[in-house]
Structures are given as C-alpha cells and as structure tokens.
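Visitor: Structure provided below as structure tokens; questions to follow.
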Amino acid sequence: MAIVKIGENGTLTDRQAVAEYLMASGVRYDVWMPEDSVEANSPAEEILKAYAKEIQKLKALGGYVTADVIDVNAQTPGLDAMLAKFNREHWHDEDEVRFIICGRGLFHIRPKAGQVVPVEVEAGDLILLPKGIWHWFDLCADREIRAIRLFQNPSGWAPHYTESGIDKNFQPVCFGSAYLPPQV
Ligand SMILES: [Fe+2]
C-alpha cells in the first residue's frame with residue numbers, strides 16, 4: 001500500500017485516507033486486485049491479461065488507448081540517464097498512470113496551492129496523475145520497479161520541466177516500512 005508523507009513526521013497508509021488526501025491535489029489513487037492471481041515476474045502479456053478488466057475500465061474512463069508493462073531495475077542499461085529525465089520537477093501533456101506490479105518508487109507531487117506531497121508506491125497501487133500536474137519521480141534504494149502504464153497518446157508523455165528547483169529541497173529517499181521520522 002502507498003505511504004503518503006504529511007508534514008514533518010506524519011504518514012498516511014490507510015487506503016481510503018490516502019485516496020482522499022491525494023484527491024485533494026487532483027491525484028487519483030486506488031488498489032487493484034487481479035482477477036486471477038499472477039506472479040510479479042510473469043511475462044508482460046500475462047500481467048496485462050490478469051488486470052484486463054481494470055485496464056479496460058480505466059481506458060473507458062480516461063480515454064487511454066494503450067497499456068504496456070515497464071521494467072526497470074539496477075541492471076537496466078542507461079538507468080541513471082533515464083531517471084535523470086524524471087527526477088526533476090516536470091509535467092506532461094497527458095495523464096501519467098501507473099499500476100505497480102512489484103518494486104517501489106517515490107513520487108513528489110506539487111499542487112498549485114499547498115505543500116508538496118511525497119507518495120511512495122508499491123505493489124498493488126494505482127496512481128493517476130492528471131496531465132499538467134507538477135511532479136517528479138525517484139526509485140527507492142533497491143532501484144527496481146515494474147508497472148503497467150496507460151497512455152492516451154504515448155508521444156504526449158514527454159516531460160516539460162518547470163525548472164523551479166524545488167525538487168532539490170526534497171530527499172529522494174523512500175520511507176517504507178523501515179522509515180523512522182527524523183529526531184528533533
Ligand atoms: Fe512524469
């Protein structure tokens with residue numbers, strides 16, 4: 001389940017609480033259970049098949065036309081260059097939709113008003129960032145994530161950078177179950 005960091009020391013982990021908190025920033029959150037159980041390391045076609053119902057529902061809702069599975073891990077060639085494209089504050093001309101199969105990642109979302117919202121996602125989490133929303137993304141220390149992506153138009157998914165520099169004020173460190181708030 002996702003973990004949302006609120007303020008200095010607080011976190012939200014309850015599904016409903018996370019969904020409501022993120023919705024206030026325009027971000028949709030949900031948890032998917034597969035129709036038939038599927039191993040996280042199954043071929044992409046099997047993963048897409050296992051979640052076909054949810055994918056279809058989301059496609060109808062958001063006008064998404066394609067879905068694929070992305071695999072990123074420490075052995076991925078050019079990983080650092082790839083991450084460097086997305087770990088600076090940016091937006092896209094289309095929604096960023098991710099359903100996490102395994103691994104973890106850290107989104108920072110900056111609403112037009114209010115505080116930056118750090119969200120750590122893991123297996124079972126669906127996160128939908130609407131087009132135009134400011135955000136950035138880092139992998140956790142294990143540098144591994146596998147996720148279903150949905151696109152309205154894959155060519156619209158290039159990042160546009162805000163160049164705000166705000167991302168530099170936030171540690172790209174996941175909190176996870178081992179997270180301990182800093183002592184003050
Ligand atoms: Fe993005």
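The values are calculated or read from the model by the stated rules, or taken from the named source; none is laboratory data. Values in this document were obtained by computation on a predicted structure and should not be read as measured data. Because the Cβ atoms are built from the backbone with ideal geometry, glycine has one as well, and the counts that use them run over all protein chains shown. For accessibility, only protein heavy atoms count, side chains too; no ligands or nucleic acids. Shrake-Rupley method; radii C 1.70, N 1.55, O 1.52, S 1.80 Å.
Visitor: What's the total number of residues in segment 52-84 that are within 16 Å of the ligand (Cβ to nearest atom), surrounded by 14 or more Cβ atoms within 10 Å (Cβ to Cβ) and either within 15 Å of the chain's Cα centre (by Cα) or among the hydroxyl-bearing types (Ser, Thr, Tyr) (or both)?
Guide: The total comes to 3.
Visitor: Looking at (1) open to solvent by 20 Å² or more (accessible area, probe 1.4 Å); (2) touching a Cys at 6+ places or on another chain (Cβ under 8 Å), which is the one condition that is false for Leu106?
Guide: Only one criterion in (1) open to solvent by 20 Å² or more (accessible area, probe 1.4 Å); (2) touching a Cys at 6+ places or on another chain (Cβ under 8 Å) is unmet by Leu106, namely (1).
Visitor: Moving on. What number of residues in segment 50-108 are assigned to a helix (DSSP H, G or I), of a type outside the set (Asp, Glu) and more than 24 Å from Leu22 (Cβ to Cβ)?
Guide: The number of residues fulfilling the criteria is 6.
Visitor: Examine segment 111-121 for a residue that is under 24 Å from Val31 (Cα atoms) and among the acidic types (Asp, Glu), and state whether such a residue exists.
Guide: Within segment 111-121, one or more residues are under 24 Å from Val31 (Cα atoms) and among the acidic types (Asp, Glu).
Visitor: When segment 133-158 is examined, which residues are found to be open to solvent by 30 Å² or more (accessible area, probe 1.4 Å) and either closer than 24 Å to Lys59 by Cα or within 12 Å of the ligand (Cβ to nearest atom) (or both)?
Guide: Trp134, Phe137, Arg149, Gln152, Asn153, Pro154, Ser155, Trp157, Ala158
Visitor: Take the residues of segment 122-132 that are more than 13 Å from the ligand (Cβ to nearest atom) and open to solvent by less than 10 Å² (accessible area, probe 1.4 Å): which is farthest from Ile55 (Cα to Cα)?
Guide: Asp125
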